[in-house]
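Asker: Quick one: structure below, then a few questions.
The values are calculated or read from the model by the stated rules, or taken from the named source; none is laboratory data. Model, not experiment: these values are computed from the prediction. Positions of Cβ are generated from backbone atoms using ideal geometry, with glycine treated the same way; all protein chains shown enter the neighbour counts.
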Amino acid sequence: MIDSKKMTEQLLTGAAIADGWDEVATLRLEIFREYPYLYQGRREDELAYLGTYAAAPDACVILAYDGEAVIGAVAGMPLIHEDPEMLDAFAGTTFSLDEVYYVGELLFRPGYRNGGLGQKLLARLESHLCSLGRYRSLTCATVERPDDHPLRPRDYIPITKFLARTGFARLTGVTTSFTWRELDGVKRDHLMQFWIKSIDGK
């Protein structure tokens with residue numbers, strides 16, 4: 001059983017985010033191969049993507065450790081600094097985009113899931129954002145897959161259960177689309193559904 005009290009965390013901001021790039025890239029390459037992403041990534045692309053975090057004001061990475069081993073991470077940046085496709089998804093909503101913070105990753109290696117660590121890291125992120133005093137909401141996006149997808153594992157637990165449990169609500173009609181290469185080598189478009197959560201203290 002996971003003892004989340006024995007895990008340690010490290011918050012990285014600004015230029016220090018670069019210290020966690022390699023570890024987060026490894027987590028993304030390993031975990032996003034799993035359903036529902038089925039992502040066939042390249043390290044050079046991952047490092048280039050993560051490089052955008054260091055350039056974005058208020059971006060941060062929180063690494064989770066078991067001893068000296070990185071076993072999970074949460075990363076995010078202000079939504080206003082994300083891709084235009086992300087911003088366009090919020091057109092017509094009542095949200096002030098400069099007050100919305102985007103959670104790009106919340107990743108854990110398999111042996112460390114479903115033990116409270118996700119909630120712990122999310123709470124740490126919220127606490128950090130509350131200290132900045134500039135953000136009212138957290139948002140994230142999940143990939144939409146049919147329930148009868150042939151590669152869906154029998155024991156698959158949808159991330160949407162975690163999101164609902166931690167206070168996120170589905171933003172009906174707020175979606176975007178991204179293209180990536182799946183494990184069979186084929187590039188496909190993927191519908192991404194946004195979720196939103198108010199940040200305590202704002």
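Asker: Any idea which of (1) closer than 23 Å to TYR53 by Cα; (2) in contact with a helix residue (DSSP H, G or I) (Cβ under 9 Å, 6 or more places away or on another chain); (3) of a type in the set (Phe, Trp, Tyr) is the one PHE162 doesn't satisfy?
Answerer: Result: PHE162 passes all but (1).
Asker: From the list THR160, THR166, pick out the single residue that is touching a Phe, Trp or Tyr at 6+ places or on another chain (Cβ under 9 Å), of a type in the set (Val, Ile, Thr) and more than 15 Å from LEU79 (Cα to Cα).
Answerer: Details: THR166 fails: touching a Phe, Trp or Tyr at 6+ places or on another chain (Cβ under 9 Å).
From the options THR160, THR166, the qualifying one is THR160.
Asker: Further question: Say whether the condition of being of a type in the set (D, E, K, R), surrounded by 15 or more Cβ atoms within 10 Å (Cβ to Cβ) and over 22 Å from LYS6 (Cα atoms) is met by at least one residue in the stretch 61-80.
Answerer: Pass one, the stretch 61-80, residues of a type in the set (D, E, K, R): 66, 68.
Right, trim to surrounded by 15 or more Cβ atoms within 10 Å (Cβ to Cβ) and you get 66.
Now drop any that are not over 22 Å from LYS6 (Cα atoms), which leaves none.
There is no residue in the stretch 61-80 that is of a type in the set (D, E, K, R), surrounded by 15 or more Cβ atoms within 10 Å (Cβ to Cβ) and over 22 Å from LYS6 (Cα atoms).
Asker: Additional query: Does the stretch 158-169 include one or more residues that are touching a residue at least 12 places away in the same chain (Cβ under 8 Å), in contact with a Lys or Arg (Cβ under 8 Å, 6 or more places away or on another chain) and small (Gly, Ala, Ser)?
Answerer: yes
Asker: Quick check on THR52: is it on the phi < 0 side of the Ramachandran plot, polar (S, T, N, Q), modelled with pLDDT under 90 and under 15 Å from the mean Cα position of the chain (by Cα)?
Answerer: Working: on the phi < 0 side of the Ramachandran plot: yes; polar (S, T, N, Q): yes; modelled with pLDDT under 90: yes; under 15 Å from the mean Cα position of the chain (by Cα): yes.
So THR52 passes the test.
Asker: Moving on to the next point. Considering only residues of the stretch 53-82 that are free of Cβ contacts under 8 Å to residues at least 24 places away in the same chain and assigned to a loop (DSSP other than H, G, I, E, B), which is nearest to PHE32 (Cα to Cα)?
Answerer: GLU82
Asker: How many residues, within the stretch 134-172, are among the hydrophobic types (A, V, I, L, M, F, W, C), exposed (fewer than 14 other Cβ atoms within 10 Å of the Cβ) and closer than 22 Å to ASP98 by Cα? Before the answer, list the steps.
Answerer: Quick first cut of the stretch 134-172, residues among the hydrophobic types (A, V, I, L, M, F, W, C) only: 138, 140-141, 143, 151, 157, 159, 162-164, 168-169, 171.
From what is left, the residues that are exposed (fewer than 14 other Cβ atoms within 10 Å of the Cβ) are 151, 157, 164, 169.
Retained after the next criterion (residues that are closer than 22 Å to ASP98 by Cα): 169.
Adding up the residues that qualify gives 1.
Asker: To continue, here is another question. Exactly one condition in (1) closer than 24 Å to LEU129 by Cα; (2) outside any helix (DSSP H, G or I); (3) of a type in the set (Lys, Arg) is not met by ARG33; state its number.
Answerer: Answer for ARG33: the failing condition is (1).
Asker: Across the stretch 141-194, which residue is modelled with the lowest pLDDT among those that are assigned to a loop (DSSP other than H, G, I, E, B) and more than 17 Å from ARG33 (Cα to Cα)? Spell out the reasoning first.
Answerer: Step one: of the stretch 141-194, the residues assigned to a loop (DSSP other than H, G, I, E, B) are 144-158, 166-168, 183-186.
Next, from what is left, pick out any that are more than 17 Å from ARG33 (Cα to Cα): 146-148, 166-168.
On the way: PRO146: 94, ASP147: 91, ASP148: 95, THR166: 95, GLY167: 96, PHE168: 97.
Checked the stretch 141-194; the qualifying residue modelled with the lowest pLDDT is ASP147.
Asker: Moving to a separate point now. Is it the case that some residue within the stretch 120-131 is surrounded by 15 or more Cβ atoms within 10 Å (Cβ to Cβ) and either more than 27 Å from MET7 (Cα to Cα) or without any contact (Cβ under 8 Å) to a residue 40 or more places away in the chain (or both)?
Answerer: No, because not a single residue in the stretch 120-131 is surrounded by 15 or more Cβ atoms within 10 Å (Cβ to Cβ) and either more than 27 Å from MET7 (Cα to Cα) or without any contact (Cβ under 8 Å) to a residue 40 or more places away in the chain (or both).
Asker: Now, a different point. So for the stretch 87-99 (the condition being surrounded by 15 or more Cβ atoms within 10 Å (Cβ to Cβ), in contact with a strand residue (DSSP E or B) (Cβ under 6 Å, 6 or more places away or on another chain), at pLDDT below 95 and not in a loop (DSSP other than H, G, I, E, B)), does at least one residue qualify? Full working, then the answer.
Answerer: To start, the set of residues in the stretch 87-99 that are surrounded by 15 or more Cβ atoms within 10 Å (Cβ to Cβ) comprises 87, 89-90, 95, 97, 99.
Narrowing further to those that are in contact with a strand residue (DSSP E or B) (Cβ under 6 Å, 6 or more places away or on another chain): 89.
Among the residues that remain, those that are also at pLDDT below 95 are: none.
Scanning the stretch 87-99, I find no residue that is surrounded by 15 or more Cβ atoms within 10 Å (Cβ to Cβ), in contact with a strand residue (DSSP E or B) (Cβ under 6 Å, 6 or more places away or on another chain), at pLDDT below 95 and not in a loop (DSSP other than H, G, I, E, B), so the answer is no.
Asker: Right, next: So ILE199 clears everything in (1) of a type in the set (A, V, I, L, M); (2) under 20 Å from ALA64 (Cβ atoms); (3) in contact with a Cys (Cβ under 8 Å, 6 or more places away or on another chain) except one condition, right? Which one?
Answerer: (2)
Asker: If you go through the stretch 148-172, how many residues are closer than 29 Å to ARG124 by Cα and either of a type outside the set (Phe, Trp, Tyr) or in contact with a Ser or Thr (Cβ under 7 Å, 6 or more places away or on another chain) (or both)?
Answerer: Taking the stretch 148-172 first, the residues closer than 29 Å to ARG124 by Cα are 155-172.
Checking the rest, the ones that are also either of a type outside the set (Phe, Trp, Tyr) or in contact with a Ser or Thr (Cβ under 7 Å, 6 or more places away or on another chain) (or both) come to 155, 157-161, 163-167, 169-172.
Counting residues in the stretch 148-172 that are closer than 29 Å to ARG124 by Cα and either of a type outside the set (Phe, Trp, Tyr) or in contact with a Ser or Thr (Cβ under 7 Å, 6 or more places away or on another chain) (or both) gives 15.
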